[in-house]
1. Check residue 167 against each of (1) surrounded by 19 or more Cβ atoms within 10 Å (Cβ to Cβ); (2) under 15 Å from residue 85 (Cβ atoms) and name the one condition it does not meet.
2. Which of the residues spanning segment 9-32 are closer than 22 Å to residue 239 by Cα, more than 12 Å from ligand 1 (Cβ to nearest atom) and surrounded by 21 or more Cβ atoms within 10 Å (Cβ to Cβ)?
3. Condition check: touching a His at 6+ places or on another chain (Cβ under 6 Å) and either more than 16 Å from ligand 2 (Cβ to nearest atom) or part of a helix (DSSP H, G or I) (or both). Does residue 214 satisfy that?
4. In this structure, is residue 235 assigned to a helix (DSSP H, G or I), outside the structural domain of residue 349 (by TED's automatic domain parsing) and within 16 Å of ligand 1 (Cβ to nearest atom)?
5. Is it fair to say residue 152 is in the same structural domain as residue 79 (by TED's automatic domain parsing), more than 16 Å from ligand 2 (Cβ to nearest atom), within 15 Å of the chain's Cα centre (by Cα) and modelled with pLDDT of 90 or more?
6. Which residues, counting only those in segment 209-227, are more than 14 Å from ligand 1 (Cβ to nearest atom), in contact with a strand residue (DSSP E or B) (Cβ under 9 Å, 6 or more places away or on another chain) and not basic (Lys, Arg)?
7. I need the strands (runs of 3 or more DSSP E) fully contained in segment 1-101, keeping only those with at least 2 residues that are in contact (Cβ under 8 Å) with a residue 40 or more places away in the chain, within 14 Å of ligand 2 (Cβ to nearest atom) and assigned by TED's automatic domain parsing to the domain that holds residue 224.
8. Taking segment 38-67 on its own, how many of its residues are away from ligand 1 (no atom under 12 Å from the Cβ), in contact with a helix residue (DSSP H, G or I) (Cβ under 6 Å, 6 or more places away or on another chain) and not polar (S, T, N, Q)?
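The values are calculated or read from the model by the stated rules, or taken from the named source; none is laboratory data. All of these numbers come straight from a predicted model, not from anything done at the bench. Neighbour counts are summed over all protein chains in view; Cβ atoms, including those assigned to glycine, are modelled from backbone coordinates with ideal geometry.
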Amino acid sequence: MSDIEFSGVSKTYPDGTTAVHHLDLNIESGSFTVFVGPSGCGKTTSMRMINRMLGPTTGTISIGGQDISRTDPVKLRLGIGYVIQNAGLLPHRTVVDNVATVPVLRGATRRAARREALEVMDRVGLDRALAQRYPAQLSGGQQQRVGVARALAADPPILLMDEPFSAVDPVVRTELQAEMLRLQSELHKTIVFVTHDIDEAIKLGDHIAVFGPGGHLQQYDEPQRVLSQPATDFVAGFVGRDRGYRELSFRTAETVPLHDLPTVTVEELPEIRLNKGEWRLVVDNAKIPIGWIDTTGVEGIRAGHPLSESVAAGGSLFPPGGDLRQALDAAISSPSEIGVAVTDSGAARGAIYARDVLEQLHRQRTHEDTERNRTFFEESR
Ligand code: ADP
Ligand code: MG
C-alpha cells in the first residue's frame, strides 16, 4: 500500500518563514490528489517532504504506514516518480536515455532500460522516432511528456508532479491533462499533483487539498464538495465567481426533459415554410445534425445558395449520460437556443431548453439544502 500520511507536519525554513503549518492529511493509495492554492502557500514544500528532498521541522510523514524519516532517502526516491515544470531533463542526454535514467540507477542493463524506456514512450504518446533526439530539439509539450515518461519508467507506486503543465500553451496543456487522466485510469498510481489553477485541480483530482496563506490547509475534499460547499471564506474566494457554472459539471442531467426537436431533412428543405423567429434543425438521412436554419436560410436555399451558406452552425451537442454543464452549453451555444441531445451514434434524439436545466439545478440544490439541514438538526439533538 502506498497511502501517504502527514501527521502534525510543519516546516519552518532557516530564515524563519513558516511554509507549512501543522498539516494533517491522509492521501489514499491509488488516489489522484491535487494540492491547489495561490503561490507561496506551501504546496511545493509539502510535496518535497514526501520524497525527503526536505525534512519537516515537526511531525511525521509515513508511506504505507512506515515513517519515511527512517527509510533510506535514495531507496525511497526510486519508488517515487517526480515531474516538474519544464521537465528537468538532462540536456546532454538523448530522450531515450533520459527516460531510462531510473531503471539504470536501479541496476538494469542499459539495453534492458532502453527497451523499457521505448515502451513507456509509447504509453505517454511519444513517437519512438524522437528517441534519439536531445531535449532541446523537442517542443515544450513533448518535453513534458518525456518528463512524465521518465517518472513512470521504473513503475513507481507514487508519482509527484509539481506544476508540470504550467509552462505549456493552453491547447497542449489540455492534451496533457487528458493524457494524465487516461494514464491514471490504466495505472492507478498514488498521484500528488501541485497546481495554482483551480480548473486544473477540479479536472484532474479525485481529491483536492486547498492550501491558504501561511501554509494552512483549508479544505481536503472531493472536487464537487470544494465547489458546492467551500469550508472557509478563503476557499470560497479562491474557487471564485464561476463556481456555479463549474459545479454544473458534477450534476447529472438524467432528469432534464427532452422535448420534440423540430427537424427537417436536406431533401425537404426547399419545401418548408417557417415563421419569423422559427428554427429547424437540418439533419441528414441518418438524423445526424447538420446545422440550424431559419427563414433567411430557407430563402437562401430557394435562391440557389449552397447549404453550407444557408445553415447556421449548430452548438455543442448533448451526449448520452451528459452532465448539467453540457446540457446548458448545448442550449446556450445553439443559434436557436435549443440544445440538441444525440444518441451514441450522433443521431438527433431530442431538444433541451436552458430553463429546464436551471430548474433542475435549483431543484437539486434545494434538495441538498434540506438534507443538510436535516442531518445538522439530527446531529445536534
Ligand atoms: P508554493 O509551492 O505553494 O508556491 P512554496 O512551498 O514554494 O509554496 O513556498 C512556501 C513559502 O516558503 C513561501 O513563502 C516561500 O517564499 C517560502 N520558501 C520556499 N522555499 C524557501 C527556502 N528555501 N527558504 C526560505 N523560504 C522559502
Ligand atoms: Mg510551488
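1. (1)
2. If the condition is that a residue be closer than 22 Å to residue 239 by Cα, more than 12 Å from ligand 1 (Cβ to nearest atom) and surrounded by 21 or more Cβ atoms within 10 Å (Cβ to Cβ), then 27, 32 are the ones that fit.
3. Here the answer is yes, as residue 214 does meet what is asked.
4. Considered against the rule, which asks whether it is assigned to a helix (DSSP H, G or I), outside the structural domain of residue 349 (by TED's automatic domain parsing) and within 16 Å of ligand 1 (Cβ to nearest atom), residue 235 comes out as yes.
5. no
6. Within segment 209-227, 219, 220, 221, 222, 223, 226 meet the criteria.
7. Here the list reads 18-27, 32-36, 80-84.
8. So the answer is 3.
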